[in-house]
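The values are calculated or read from the model by the stated rules, or taken from the named source; none is laboratory data. Small disclaimer: the values here were computed from a predicted structure and weren't measured. Remember, those area values only see protein heavy atoms, side chains included, never the ligands or the DNA or RNA. Shrake-Rupley method; radii C 1.70, N 1.55, O 1.52, S 1.80 Å.
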Amino acid sequence: MLTIVRPISTTIAAVIALAVATAGAATRGEYSGGTFAVSVDSPTVKLGARALIVATISPAEGYRITDAYRHRIVNLAATDDGVEIGRKVVRGLVKDGAVVFRVEVVPKTAGPHLVVGVFRFSITDGERLDIKAAPFEATVTATD
């Protein structure tokens with residue numbers, strides 16, 4: 001049986017959109033979808049420098065990430081013109097039982113910039129395979 005789960009409330013995902021004031025630091029946002037947990041490292045970098053947003057989806061106890069599914073973040077976009085996104089779709093890699101995504105961005109203006117998208121991944125409890133969708137949200141902060 002195939003079950004598609006709707007994205008978690010954007011209110012919950014909004015905690016991911018935190019920014020920090022020091023260059024080179026990252027803010028970690030986390031939330032849980034019951035059968036999985038998401039953590040996102042939101043970077044702070046110098047203006048014009050390449051930044052890497054790292055997002056990880058980990059299964060809850062009794063579940064595992066499937067190896068054969070094409071895990072990805074789709075519809076990647078910035079909510080303003082202050083950041084350039086390397087790719088609109090980013091594939092995830094299964095590593096140590098979790099899915100790791102690396103989103104490359106380059107901030108073009110100083111300040112915080114929200115990057116959004118949708119995670120697509122699959123998880124199983126050994127009997128049922130679930131195709132999941134969850135919101136992706138990160139803040140890239142550029143300093144002068």
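Overview of values
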quantity	calculated
Per residue value of the accessible surface for the stretch 25-132 (all protein chains in place, 1.4 Å probe), Å²	50
Heavy-atom accessible area ranking, 1.4 Å probe, most first, across ASP67, ASP41	ASP67, ASP41
Cα centroid separation - the stretch 78-135 against the stretch 54-75, whole Å	11
Whichever lysines have a C-alpha closer than 20 Å to that of LYS95, once near sequence neighbours (fewer than 8 apart) are set aside	LYS132
Under 25 Å from LYS46, Cα to Cα: lysines that are on another chain or at least 8 residues apart	LYS88, LYS108
Accessible area in the full protein assembly, largest first, 1.4 Å probe, for TYR63, TYR69	TYR63, TYR69
Candidate residues SER58, SER39: accessible-area rank, largest first, probe 1.4 Å	SER58, SER39
Carbon + sulfur, % of accessible area of the stretch 32-116 - ligands and nucleic acids excluded, 1.4 Å	49
